[in-house]
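The values are calculated or read from the model by the stated rules, or taken from the named source; none is laboratory data. What you see is a predicted model, and the numbers here were worked out from it, not measured in a lab. Here the Cβ positions follow ideal geometry from the backbone for every residue, glycine too, while neighbour counts run over all protein chains shown. Side chains are part of the model used for accessible areas, which takes the heavy atoms of the whole protein and leaves out ligands, DNA and RNA. Shrake-Rupley method; radii C 1.70, N 1.55, O 1.52, S 1.80 Å.
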Amino acid sequence: MFIKNFFGHIKTVISHRHMVMIHCFKAGIIKRGLLHDLSKFSPAEFIPGIIYYQGNRSPNEQEREINGYSGAWMHHKGRNKHHFEYWTDYSTSTGTLDPVRMPDEYIFEMFCDRVAASKIYKKSEYNNKCPLEYFLRAKQKRRIENQTAGKLEFLLRMLADKGEDYTFKFIRKQIRKTKNRRKKY
């Protein structure tokens, strides 16, 4: 079982990383693609990934069901800025832990990540609506900053309606606008 889980998990992680890299390259965020999910190879994430591997969903789900939490996920979200869960802080007005706005660069990487994850787990059942459907299923339960959620949903709807080529072209255009604004100052 260990050997099967080891090879299954490493294949999933590498396939996912490779697909996110391709998507990030298409989106014009090359550095984000190269750095994506490197923490998954750390012992804190890789070992639970093997132990809880099932092949059709994230091992973090199984770890959470068994232990009541996922240590691998807590490690992962704390090191990867493309997860909205990373972007929380104590609010000076409420004194509670609240979501904060994500920079666009990480929203774009999050989009690439979600598309790749849907492709990996849905396999031949994947279509361009799958990432949006996944997002919408958990929308009411998720604690994500409103503008961040709106931008991600906008991109996922664009993907569902107009396809990958159009959406990646749109993202590249947004990246160029941001770079041009920075050069002016």
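See the values below:
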item	result
Estimated translational D of the stretch 72-119 in µm²/s (Stokes, Kirkwood radius over Cα pairs; 25 °C; 0.890 mPa s)	209 µm²/s
Nonlocal amide H pairs with Thr88, under 5 Å, H built at 1.01 Å	Val100
Kirkwood-based Rg to Rh ratio, the stretch 74-171, C-alpha trace	1.00
Restraint check, Lys122/Lys177; Lys31/Lys169; Lys4/Lys139; Lys31/Lys162; Lys77/Lys119; Lys77/Lys162, Cα-Cα greater than 23 Å	Lys122/Lys177; Lys4/Lys139; Lys31/Lys162; Lys77/Lys162
Å² of accessible area per residue within the stretch 109-165, as computed with a 1.4 Å probe and no ligands counted	56 Å²
Set of the stretch 57-71 residues, backbone N closer than 19 Å to the point 7 Å along the Cα-Cβ line of Lys4	57-60, 62-63
Along each principal axis, Cα extent of the chain, largest first, Å	56, 44, 30
Relative pair counts by distance (%), Cα atoms of the stretch 131-185, 10 Å bins	22, 40, 29, 9, 0
Carbon and sulfur %, accessible surface of the stretch 47-185 computed with the full protein complex present, 1.4 Å	49 percent
Aspartates and glutamates whose Cα lies under 16 Å from that of Lys123, excluding same-chain neighbours fewer than 8 positions away	Asp113, Glu133
Relative contact order of the stretch 40-79, defined on C-alpha pairs under 8 angstrom at six or more residues apart (%)	40 percent
Asp98 paired with Tyr69, simple spin-label distance in nm, labels 7 Å along Cα-to-beta-carbon	2.4 nm
Ranked packing of 76-85, 3-12, most packed first, by mean Cβ within 10 Å	76-85, 3-12
Farthest positive-ward along the chain dipole, Cα basis, beta-carbon charges - from Ala27, Tyr52, Asn67	Ala27
Dimensionless Rg ratio for the stretch 40-119, taking C-alpha atoms and the 2.2 N^0.38 Å reference	1.23
Axial C-alpha extent at least 24 Å, average Kyte-Doolittle at least -1.0 - helices from the chain (DSSP)	2-27, 104-122
